[in-house]
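Here's the structure, in C-alpha cells; my notes come after.
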C-alpha cells in the first residue's frame, strides 16, 4: 500500500502508521545493507552483488524514484538507495573482471553486460509502470482521487453506501 493510498473503511486504524513504519524500517535496513556490501567488497576485492541483480536494481530504483513515487518519504528512500548503489556499482566495475575470472567471456565484458541489463531493466520497468498506472483503478487501488476524478468525500460516501447495501 502506498503512503498516499486511502485504505478501505474496514481497515484497522493502525494499518497506515504500521505500513509507514515498515516502509521506513525497510529503507533504513537496505541502506545499512548497501554500506556493508560496499565495505565487504572493498576488503575482499570481489563484487558485492551479481551483475543481473545490480543492473535491474539500479533501473527500478530510477524508474520508481522519478516516475512512481508520490510522497517525499518514498522519493527520499529510492534516491538514498540509488545514491548508495553508486559505491556498489563502483566496486562491481572495479572488481568485476577478477570476480568473474571463471567465465572469461563475462569477465571481459562486465561493463557492457551490466549496461545491457540496466537498459533492459529501464525499458521493462518503465513499460510495466506506465501500463500499471495508465488506469486509475489498476495501479492505485481505491484511490481515484489521485487522478482528480473523484473527491475523497465521494469515495467515502460510496464506501458507506456500498457497505450499507451489502449488509441489508
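General observations
- Fewest-first ranking of 47, 69, 124, using other Cβ atoms within 10 Å as the exposure measure: 124, 69, 47
- Highest-first packing order for the peptide set 114-121, 26-33 is 114-121, 26-33, based on the mean count of other beta carbon atoms within 10 Å.
- Within the range 39-86, the percentage of alpha carbon pairs spaced more than 18 angstrom apart rounds to 38%.
- Each 10 Å bin from zero holds the following percent of Cα-Cα pairs in the range 20-140: 13, 37, 32, 14, 3.
- Residue 19-residue 116 pseudo-label distance in nm [points 7 Å out on the Cα-to-Cβ vector]: 4.0
Coordinate-derived values only; no laboratory data. None of these values were measured; they are calculated from a predicted model. Positions of Cβ are backbone-derived with ideal geometry, glycine not excepted, and every protein chain shown enters the neighbour counts.
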